[in-house]
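Student: Please read through the structure below; I'll follow up with questions.
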Amino acid sequence: MPGAEAYVNTLSVEVQKLAREELGEHPTRREEDVEAVRNWLTRQPYLNARTDRTTILRYLRGCKFSLEKTKAKIEMYYTCKGALPDMFQGRDPQNPTVRAILKMGLMFPLPGYDPQGRKVIFGRMGAWDPNKVKPEDMFKVAGMLFDVLFLEDEQTTVTGIVQANDMAGLTFKHISALPLPLIRKVMLTWQEGYPLRPKSVHYINTPQAFDTLFIIFKPFMKEKMKKRIHVHGSNLSGMHSHVPQTMLPTEYGGSGGSVAENADYWLQKIDSYRDWFLEDENYRADESRRPGKPKTTSNIFGGPDGSFRKLDID
């Protein structure tokens, strides 16, 4: 039976306390909650979903142990997975496109944790060439990184993540390569389908094009998320009060290894999960088996002229 193995707790006493107080996780009820979600999943004929404890527990923590929110988020993830083959099929680490993007070091988790025990995700959005890299492939690789991070790092499922983004090199050519329908799909999938717990987002080296990009996104953010965004401009030291300088890559005055070293580390890490990713191709919603009316991309994400949905972020 999936998940029948005993739960091995890798969390420190402090993080276990945080899980209880902030997420409502109770060790005496944990297995009961996991089993309730697993039983629900097995009764959904259209959902071919992972039912292992690691996956379900990650979603429970991301939804503060609300069973109904957990079910809704898992359902949305697999629905999006079935509707977006460009982002969720072909996630083979040996795929030359996937490898090339990983080697660029466009996004990677930094070693260690910040003072609050959170994992810092470093991004370099201006470092990709929109003439050579499709944004769908870039988002596909980002999803692969998050998948492996959450498989490897239980603490992050409790404490959440902090994003630190260097926007140097971002141009209007990058923005024009990000059509609104694609952004809508990515936002919906990540915010309503992934059990991410973003605690703050920081931007440095923000060129004029960033202002345009931010204007596009800001109206569709919940007030909670707006309060978690910090734009530091060229003031790198302004970010250090949130993300310790020692955590940053060496190119930014830190001791977290170079961008190339981090990129190579995560390339090898994702390589080690190749069997997992190949198997994962099979898990998605099958709309032909959904009771009632099947969902289509238009009624999941809205039409090209539709509005973003305002999304809750815990």
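Student: For F150, indicate whether it is closer than 22 Å to A263 by Cβ, assigned to a helix (DSSP H, G or I) and open to solvent by 20 Å² or more (accessible area, probe 1.4 Å).
Tutor: Here the answer is no, as F150 does not meet what is asked.
Student: Another question, then. Pairs, please: C-beta under 7 Å, at least 6 apart or cross-chain, first residue at pLDDT below 95 and in the stretch 272-299, second among the aliphatic types (A, V, I, L, M) and open to solvent by less than 80 Å² (accessible area, probe 1.4 Å)?
Tutor: Between residues of the stretch 272-299 that are at pLDDT below 95 and residues that are among the aliphatic types (A, V, I, L, M) and open to solvent by less than 80 Å² (accessible area, probe 1.4 Å), the close pairs are T297/A83.
Student: For Q94, which of the numbered conditions (1) over 28 Å from E21 (Cβ atoms); (2) at pLDDT 95 or above; (3) part of a helix (DSSP H, G or I) fails to hold?
Tutor: (3) is the only condition that Q94 fails.
Student: Which members of the stretch 122-147 meet the condition of being in contact with a Pro (Cβ under 8 Å, 6 or more places away or on another chain) and within 21 Å of L84 (Cβ to Cβ)?
Tutor: M144, L145
Student: Would you tally the residues in the stretch 190-210 being among the β-branched types (V, I, T) and either touching a residue at least 40 places away in the same chain (Cβ under 8 Å) or open to solvent by 30 Å² or more (accessible area, probe 1.4 Å) (or both)?
Tutor: 2
This table checks each residue for (1) within 14 Å of the chain's Cα centre (by Cα); (2) on the phi > 0 side of the Ramachandran plot; (3) open to solvent by 50 Å² or more (accessible area, probe 1.4 Å).
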site	(1), (2), (3)
M104	no, no, yes
K119	yes, no, no
F122	yes, no, no
A127	no, no, no
M144	yes, no, no
F172	no, no, yes
I175	no, no, no
R184	no, no, no
L188	yes, no, no
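Student: Would you mention how many residues in the stretch 153-168 are part of a strand (DSSP E or B), under 13 Å from the mean Cα position of the chain (by Cα) and polar (S, T, N, Q)?
Tutor: Looking only at that region, the number is 1.
Student: Of the conditions (1) farther than 30 Å from K295 by Cα; (2) open to solvent by 50 Å² or more (accessible area, probe 1.4 Å); (3) assigned to a helix (DSSP H, G or I), N131 satisfies every one except a single condition; which number is it?
Tutor: Condition not satisfied by N131: (3).
The rows are residues; the columns are (1) in a loop (DSSP other than H, G, I, E, B); (2) modelled with pLDDT under 95; (3) farther than 30 Å from E251 by Cβ.
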| site | (1), (2), (3) |
| --- | --- |
| Q44 | yes, no, yes |
| F108 | no, no, no |
| D114 | yes, no, no |
| F122 | no, no, no |
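Student: Still on this structure: Restricting to the stretch 101-140, give me the number of residues that are over 19 Å from R197 (Cα atoms), touching a Lys or Arg at 6+ places or on another chain (Cβ under 9 Å) and of a type in the set (A, V, I, L, M, F, W, C).
Tutor: 3
Student: Considering only the stretch 245-258, I want to know if a residue exists there that is crowded, with 18+ Cβ neighbours inside 10 Å and among the hydroxyl-bearing types (S, T, Y).
Tutor: Within the stretch 245-258 (the criterion being crowded, with 18+ Cβ neighbours inside 10 Å and among the hydroxyl-bearing types (S, T, Y)), the answer is yes, since at least one residue qualifies.
The values are calculated or read from the model by the stated rules, or taken from the named source; none is laboratory data. Please read these numbers as outputs of a predicted model, since none were measured by experiment. In this analysis, Cβ positions are derived from the backbone assuming ideal geometry, glycine residues included, and neighbour counts consider all displayed protein chains. Each accessible area value is taken on the protein alone, full model and side chains, heavy atoms only, with ligands, DNA and RNA left out. Shrake-Rupley method; radii C 1.70, N 1.55, O 1.52, S 1.80 Å.
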